[in-house]
Every structure is written in structure tokens, then in C-alpha cells.
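Novice: Structure below; questions to follow.
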Amino acid sequence: MKKRTAFYALAALLLIFGKSSASEKKTSLIIKGSDTMVHLVTNWAEEFMKQNPNAEVAVTGGGSGTGIAALINGTTEICASSRDIKDKEKKLAAQKGVEVEETVVARDGIAIVVNPKNPIKEIEMNQLEQIFTGEKNRWNEIGYGNEEILVFSRESSSGTYVFFQEHVLKNKDYTPKAKLMPATSAIIKSVSTDKGAIGYVGLGYAHAAGDKVKILAVKADSNSPAVMPSDQTVIDGSYAVARPLYLYVSNKASKSARAFVDFCLSEKGQAIVKEAGYVTVKK
């Protein structure tokens, strides 16, 4: 009788321990994609893990295209992207039985930055097109100085590269002289050290750079006012070079992945958007 009692007591302890272990099991979540969004997504991930102690979130960059490819291939659960998914990527996903779900989680203004010693203060959209396609090669061609224009761009896997090409260059090719940089920080560093340099970076990164670079006001056309990028001008649409930022998951996403997306849209998640230098999705 004593042996049987001991057996039941041991079984009860094992059952309790098993439930406790199961409840403490960690859930891992991988987020990959836009380098522009790495800082923002990392901040989200840190707060999400504080609120969900059993969650482990790993955030890596590599570019929006890289993140979308990883989502389609099943090597990441969430893709952070600074551009919308292309039709050819949707078709590839469908071929693999993946249905991609899109959520706008923040907005971003693309700041045009030059060296602080450059006297220019504003620039027109058509001038940006001419500079980044190589039609204009010296600053005196648009009325400023005589230095050669040194164009700095993100590399082609970057969503910022794609957005800028479609929205500013009107799908024309970048000048072959453009120096393609692996990260936004590299553009900031290059522009800060050469008087003839020009580049484009996310608004949060431009503000964080402080006086290392000069942010230009942008005119939609010659008859429009010059507008500086800011939260308000991005939200109200008066700043011409702005875009939404996305999180993508598949139809096979885990509860943890969906909970993360929901958190990003929550009051706390959107407060982090502001703190990180981006623009919230709510006016």
C-alpha cells in the first residue's frame, strides 16, 4: 500500500514538473529583412521579449528583397520590408504554397543628405532624378559649387534602393558611377567626409547623424514649396519622398509571429516607432 501511495505521489510530481517545463518552453522567432528597419524592429523585439519572457526574437538585416526571399523559402517567420512585395515575388510564393500577408506598421521619410559644407539647402525631384541617373555630374549644373557630384546609394537588395528608383528615378537605372553601400551607416559616413557627396537615408538615421550631414528640403516640382522631411510632412503627404514600412508573414505564421505584429501596432509598439525616429501609422 505504501509503495502504491509513493508511486502515485511520484507520478503527480512528474505531471506537475512536466506542465511546469512545458509552460517555460521558449518560443523562437526570426525576423529578417530591411536594413532601414533593423533599429526599429530590434527595439520592438526587446520590448516584446520583456512582455513575453518565454519569447526569443532574433533580428537580422540584409535588405527587403533578402527578407522576402527568406519568408518565401521558410527561413524566417517575419519579413521586415521598406517596400511592398513585387508581383513576381507573390507568384513565386504562390508556387511554393505560401500566401503572404501584409501589414503597414510605420511610415518613413527618405531624407536626401549632403555634406554640411555644401551650400545647397533645397532640391527638386527632377534634379534628384538627373543626379542619380548621371545626367548631372557636377554641382554647378544645378547652381552650386564646382565639385564633382559623388552619388551614394544602397545596394540593389535594399528596399530603399528599389523605392528610390521607382519613386524618384521613375524606374530609370542608377548612374554607373553610383557607389552602392551595404548599409545606411556607410552612406552617412561617406557623405560626411566628402563635400561633393549626396545620398539618401531613412529619416530616423538622418536625424541620428546630427551635424555629420545636411538634410535637404525637397520640392515636388519647380512650382511647389520646398518641404523638409518630418513626422507631420510624411503623414500629411506634403513631403515627396516618403513610404510605408511593412511586416510580412505567411499564412502559416505561428501565434508568436502574429502576436509580434499585433504588438507593433499596439499603443506601446507605436510609441516605440516615434522613439526610434520613424512615423506612426496613426495620424
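The values are calculated or read from the model by the stated rules, or taken from the named source; none is laboratory data. Source: prediction; values computed, not measured. Here Cβ is always computed from backbone atoms with ideal geometry, including for glycine, and neighbour counts include all displayed protein chains.
Novice: Identify all residues within segment 64-92 that are among the hydroxyl-bearing types (Ser, Thr, Tyr), closer than 27 Å to GLU267 by Cβ and part of a helix (DSSP H, G or I); write none if there are none.
Specialist: Listed by number, the list holds a single entry, SER64.
Novice: Is it fair to say VAL234 is closer than 23 Å to GLY61 by Cα, touching a helix residue (DSSP H, G or I) at 6+ places or on another chain (Cβ under 8 Å), outside any strand (DSSP E or B) and at pLDDT below 95?
Specialist: For VAL234, the condition - closer than 23 Å to GLY61 by Cα, touching a helix residue (DSSP H, G or I) at 6+ places or on another chain (Cβ under 8 Å), outside any strand (DSSP E or B) and at pLDDT below 95 - is not met.
Novice: Do we have ILE187 as crowded, with 16+ Cβ neighbours inside 10 Å, under 25 Å from LYS86 (Cβ atoms) and not small (Gly, Ala, Ser) here?
Specialist: yes
Novice: All but one of (1) polar (S, T, N, Q); (2) modelled with pLDDT under 95; (3) under 21 Å from the mean Cα position of the chain (by Cα) hold for SER190; which doesn't?
Specialist: (2)
Novice: Report yes if some residue within segment 267-277 is touching a Ser or Thr at 6+ places or on another chain (Cβ under 7 Å), under 26 Å from VAL100 (Cβ atoms) and surrounded by fewer than 20 Cβ atoms within 10 Å (Cβ to Cβ); otherwise report no.
Specialist: For segment 267-277, residues touching a Ser or Thr at 6+ places or on another chain (Cβ under 7 Å), under 26 Å from VAL100 (Cβ atoms) and surrounded by fewer than 20 Cβ atoms within 10 Å (Cβ to Cβ): present.
Novice: Please count how many residues of segment 93-126 are assigned to a helix (DSSP H, G or I) and surrounded by 21 or more Cβ atoms within 10 Å (Cβ to Cβ).
Specialist: 1
Novice: Please find, among SER230, SER224, the residue that is touching a Gly at 6+ places or on another chain (Cβ under 9 Å) and not basic (Lys, Arg).
Specialist: Checking each option against the conditions leaves just SER230.
Novice: Between residues in segment 114-132 that are under 19 Å from SER153 (Cβ atoms) and touching a residue at least 24 places away in the same chain (Cβ under 8 Å) and residues that are hydroxyl-bearing (Ser, Thr, Tyr) and part of a helix (DSSP H, G or I), which pairs lie under 9 Å by C-beta distance while being six or more apart or on different chains?
Specialist: Taking only residues 6 or more apart or on different chains, the pairs are ASN115/SER192; ASN115/THR193.
Novice: Which residue is nearest to GLY210 (Cα to Cα), if the candidates are limited to segment 127-138 and must be in contact with a helix residue (DSSP H, G or I) (Cβ under 9 Å, 6 or more places away or on another chain) and either polar (S, T, N, Q) or surrounded by 20 or more Cβ atoms within 10 Å (Cβ to Cβ) (or both)?
Specialist: Within segment 127-138, the match that is nearest to GLY210 (Cα to Cα) is LEU128.
Novice: Further, regarding this structure: Might you check whether a residue that is buried (at least 17 other Cβ atoms within 10 Å of the Cβ), part of a loop (DSSP other than H, G, I, E, B) and in the same structural domain as ASN126 (by TED's automatic domain parsing) occurs anywhere in segment 248-261?
Specialist: Scanning segment 248-261, I find no residue that is buried (at least 17 other Cβ atoms within 10 Å of the Cβ), part of a loop (DSSP other than H, G, I, E, B) and in the same structural domain as ASN126 (by TED's automatic domain parsing), so the answer is no.
Novice: Continuing with the same structure: Hey, VAL227 hits all of (1) in contact (Cβ under 8 Å) with a residue 60 or more places away in the chain; (2) of a type in the set (A, V, I, L, M); (3) closer than 13 Å to ALA111 by Cα but one; which does it fall short on?
Specialist: VAL227 satisfies all of (1) in contact (Cβ under 8 Å) with a residue 60 or more places away in the chain; (2) of a type in the set (A, V, I, L, M); (3) closer than 13 Å to ALA111 by Cα except (1).
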